[in-house]
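Single-structure report; data block below.
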Amino acid sequence: MSALHTKCLIIGSGPAGYTAAIYASRSALSPILFEGLQPGGQLTTTTLIENFPGYPEGIDANELMASMRQQAVNLGADVRPGCISEIDLSSRPFKAVADGSLEIEADTVIIATGATAKYLGLPSESKFRGMGVSACATCDGFFYRGKDVAVVGGGDTACEEATYLASLCRKVYMIVRRNELRASKAMQSRVAATENIEVLWECNTQEVLGDQTGVTGVRLVRKDGETFDRKIDGFFLAIGHHPMSDMFKQWVETDENGYIVTDGRSSRTNVEGVFAAGDVQDPQYRQAIAAAGSGCRAALDAERYILSKK
Ligand code: NDP
């Protein structure tokens, strides 16, 4: 059976993937997009999005992603459910296999596979996900105005999220497993200077407490084995993200944390014809609007690349 050929294969269906599909369609690249295991991406794990421009009343995250998908389809993108199970970026056209059987040849590939937030892995944490447990303070912090919350982690993200939450919430506990923060000195100083942040040193989370209304508290265990509870309404994870780049690492350069390295402000990777967009190449901003912008850049870069080869 001959392989399906496309000028542009897009892998991933968050804001980066769908925006790349919108732009690539309008550039007549007839893109094929594979949605992956979580159609709509990370955003679909949250509820109301209040910071995506154009929606003054906010928009339901699933509705937003469904609209982006529909826009891509309306413009001609071939959006398919399923996963790229194999890929070979060693020669052009690039070769991929979808769902173990469909062979694809692609002149360009846009990697928009995103990242997943790391969770502690506690059953109580999964139980209250979306009901007080969140891995994105920028997305969900607003709902905890005037309330007490906890942030787990001691890196730059945790410090940034704690200081952001402190501007909205009454009290922010930082749950830090060591007796020092991993974060940069500047971020440590910001935390120390914020009156309503209390760092709970050498503490680990034993259980997220809650009832039918959602999170009501957290049970912590100190290094010496003592357990104690704190009343909170929101429990924020900031213990890092894992970029979904493993499949491409054999060819595509990644940094020490696995994020795909792109060339300057472009989406170009070290492999000519392969572009990366969204959270898989962005350890810093991790916002839907930033990912959408980067998907746009990737499609424009892919178009320019194809034109340069004519
Ligand atoms: P990091 O890996 O830097 O920090 C993760 C934090 O979570 C550490 O304090 C770690 O503890 C803690 N942690 C990890 N696993 C657990 C666990 N199971 N239980 C409890 N605590 C845990 O991730 P970040 O997301 O903070 O940062 C990622 C990268 O992005 C870094 O290079 C950072 O500098 C950068 N960044 C930069 C920003 C900026 O410049 N404005 C903003 C945000 C991120 P421990 O220290 O004990 O390992």
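The table below lists the values:
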item	result
Theoretical gain in end-to-end length, Asn62 to Phe143 [0.36 nm per residue, Cα-Cα removed]	27.3 nm
Spin-label model distance (nm) - His242 vs Ala3, 7 Å beyond Cα toward Cβ	2.9 nm
Around Glu86: net Lys/Arg minus Asp/Glu count, Cβ-Cβ under 11 Å	-2
Max mean-square fluctuation residue, GNM over the chain, Cα-Cα springs under 10 Å, options Ser294, Ser13, Ser124	Ser124
Max mean-square fluctuation residue, GNM over the chain, Cα-Cα springs under 10 Å, options Thr19, Thr254, Thr113	Thr254
Per-residue [θ]222 nm for the chain (sum of -39500 (n - 2.57) over DSSP H runs n ≥ 4, rounded to 500)	-7500 deg cm²/dmol
The chain: DSSP helices with Cα axial extent of at least 27 Å and average Kyte-Doolittle hydropathy no lower than 1.6	none
Gaussian network model of the chain, Cα within-10 Å springs - most flexible of Ile289, Ile110, Ile32	Ile289
Pairwise label distance in nanometres, Val261 with Tyr164, each label 7 Å out on the Cα-Cβ vector	2.8 nm
Additional length obtainable on full extension of the chain from Gln38 to Glu86, 0.36 nm per residue less Cα span	15.5 nm
Cα centroid separation - the stretch 15-54 against the stretch 211-240, whole Å	34 Å
Orphan Cys of the chain, criterion: no other Cys C-beta under 4.7 Å	Cys8, Cys83, Cys159, Cys169, Cys203, Cys296
Relative contact order for the stretch 119-237, counting Cα pairs under 8 Å that sit 6 or more residues apart, in percent	31 percent
Other-chain or far-sequence residues with amide H under 5 Å of Leu4's (modelled H)	Glu103, Ile104, Glu105
Positive-end residue, the stretch 72-225 charge dipole about Cα centroid, Cβ charges, pick of Met174, Leu89, Phe128	Met174
With every protein chain in place, the chain: carbon and sulfur % of accessible area (1.4 Å)	48 percent
Links that overshoot a 22 Å alpha carbon limit, given the list Lys127/Lys249; Lys95/Lys249; Lys95/Lys310; Lys118/Lys171	Lys127/Lys249; Lys118/Lys171
Neighbour net charge for Val271 - beta-carbon separation under 14 angstrom, K R +1, D E -1	-2
Relative contact order [Cα under 8 Å, 6+ residues apart], the chain, whole percent	21 percent
Average accessible surface area per residue within the stretch 20-161, 1.4 Å rolling probe, Å²	45 Å²
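The values are calculated or read from the model by the stated rules, or taken from the named source; none is laboratory data. This one's a predicted model, so the numbers in the text were calculated from it and none came from an experiment. All Cβ positions, even for glycine, are placed from backbone atoms using ideal geometry, and neighbour counts span all protein chains on display. Quick note on the areas: whole protein, heavy atoms, side chains included, nothing else; ligands and nucleic acids left out. Shrake-Rupley method; radii C 1.70, N 1.55, O 1.52, S 1.80 Å.
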